[in-house]
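The values are calculated or read from the model by the stated rules, or taken from the named source; none is laboratory data. In this text the structure is predicted, and so the values were computed from the model without any measurement. Don't worry about glycine lacking a Cβ; one is built from the backbone with ideal geometry, like all the others, and counts go over all protein chains shown.
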Amino acid sequence: MNPDLALLQSYPFEKLAKLKQGITPPGDLEHIALSVGEPKHPTPPMITDALLKHLHTLGQYPTTRGLDLLRQSIANWLSQRFDIKLDALNINTNILPVSGTREALFSFAQCVIQRSSKALVAMPNPFYQIYEGAALLAGATPYFINCDADHLYLPDYNSVDEDSWKKCQLLYICNPGNPSGATHSEEQLKQLIELAHRYDFIIAADECYSEIYTENQNTPLGLLEISEKIGNRDFSRCVVFHSLSKRSNAPGLRSGFVAGDASILNNYFKYRTYHGCTMSTPTQHASIAAWSDEQHVIQNRLQYTQKFNDVLSVLGDSLDVKAPDAGFYLWAKTPLSDIEFAKKLYAEKNITVLPGQYLARDTANGNPGLNHVRMALVAPVDECLDAAHRIKQFINTL
């Protein structure tokens, strides 16, 4: 066996299941899961219709690059959404379809890391656990950049010493962030691109939550648009990852793309021809339909807006929590240990939330997930509102 497998920690939901073992919640209350970030809104009919219409193409091997029409629809969307000149996006060199961002974020590290005992992969802390696993199985060492309230839950890049930047080969950023929903400013993205060029590392920007925000919030920025804006027009050292899972409520479709630096993606394409994780042709046609329509995305945002407004109107004066910049999570401070909070809330109100420390790692400056819980507002509006009232009742008993 690969000895690096022993370095992997249990997934947060395994820890959560263990925490709940032996607890019998109230039988008169329906269970409400706010723990898993799995969208529950219906998948738009245009996606399922396109999928069904092209089932006959299952008799064909899909290519690694995918259909030209798929890559063109992605280029069109990127250009319109992020104000990137369309002619800056070559569909043959700057874009690759992937089977969801999870597999791409993981496999990307296996491709780009030059194995050495000094290789670092930097990432936010708390973080999406795939970043850590990808780093470890690529033979690198994870370097955690804490995201705490003092820095608006964004990574404190100024805390990273020069030696660590010199050893860094890959920087994962999550923008908007998971779990906090915090978004990077233009100045921060400019800073990272400058650092990547100064110290010769690659930025892998996980932007899968970029399309969930309320109409009165600033539209989240993208790494590629800032790259072009500052004159880095070939997107050197910049790669973004996008998915239809959250944007289009299609997590089971396993469809996304990577885009950016052509020289990096050329090598990643070579890797993927062996990796073999190609997107089926019916899925590609369904993806074309999704990337070509924005109305369903607007309607999706309106549903999340209603949930945030309703839930925060109930919890606002009883729990230290505020609306995120984007995404569908609430990152709330707890009045007691996050583990005890999650455990007692399940035992007394039959609601599952995720302890923040399960999403983070201990560092010399502490664990930034401590005394926080992540709540995913993915359930229907009435369930989220019911959960908010139960949580408020629970807090009032503490």
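Scanning segment 342-389 for residues that are in a helix (DSSP H, G or I), free of Cβ contacts under 8 Å to residues at least 60 places away in the same chain and out of contact with any strand residue (DSSP E or B) (no Cβ under 6 Å at 6 or more places or on another chain), we see that the one that is surrounded by the fewest Cβ atoms within 10 Å (Cβ to Cβ) is 382. May I ask you to verify whether residue 247 is over 18 Å from residue 190 (Cα atoms), in the same structural domain as residue 171 (by TED's automatic domain parsing), in contact (Cβ under 8 Å) with a residue 12 or more places away in the chain and surrounded by fewer than 21 Cβ atoms within 10 Å (Cβ to Cβ)? Judged against the criteria, residue 247 is not a match. Counting the residues of segment 94-117 that are touching a strand residue (DSSP E or B) at 6+ places or on another chain (Cβ under 8 Å) and more than 16 Å from residue 258 (Cα to Cα) gives 2. Within segment 98-112, residues that are under 15 Å from residue 202 (Cβ atoms) reach partners that are modelled with pLDDT under 95 and not basic (Lys, Arg) with beta carbons closer than 9 Å, at six or more positions or on different chains, in the pairs 104/277; 105/128; 107/275; 107/277; 110/275; 111/275. Taking (1) out of contact with any helix residue (DSSP H, G or I) (no Cβ under 8 Å at 6 or more places or on another chain); (2) within 30 Å of residue 70 (Cβ to Cβ); (3) not basic (Lys, Arg) in turn, residue 113 satisfies each apart from (1). Residues that are closer than 18 Å to residue 147 by Cα and β-branched (Val, Ile, Thr) were ranked within segment 300-338; the one that is modelled with the highest pLDDT is 334. Just to be sure before I move on: is residue 75 surrounded by 19 or more Cβ atoms within 10 Å (Cβ to Cβ) and not assigned by TED's automatic domain parsing to the domain that holds residue 357 in the structure I sent? Against the criterion (surrounded by 19 or more Cβ atoms within 10 Å (Cβ to Cβ) and not assigned by TED's automatic domain parsing to the domain that holds residue 357), residue 75 qualifies.
Which ones in segment 200-251 are aromatic (Phe, Trp, Tyr) and in contact with a strand residue (DSSP E or B) (Cβ under 6 Å, 6 or more places away or on another chain)? Result: 201, 235, 241.
Evaluating residue 273 against the criteria (1) in a loop (DSSP other than H, G, I, E, B); (2) among the polar types (S, T, N, Q); (3) surrounded by fewer than 18 Cβ atoms within 10 Å (Cβ to Cβ) leaves one unmet condition, (1). Residues of segment 113-159 that are under 15 Å from residue 204 (Cα atoms), assigned to a loop (DSSP other than H, G, I, E, B) and among the hydroxyl-bearing types (Ser, Thr, Tyr): 128 alone. Has segment 314-337 got any residue that is part of a helix (DSSP H, G or I) and either over 24 Å from residue 23 (Cβ atoms) or out of contact with any helix residue (DSSP H, G or I) (no Cβ under 7 Å at 6 or more places or on another chain) (or both)? The answer is yes; a qualifying residue exists. Comparison of 225, 194, 215 shows that the only residue that is charged (D, E, K, R), in a loop (DSSP other than H, G, I, E, B) and not assigned by TED's automatic domain parsing to the domain that holds residue 357 is 215.
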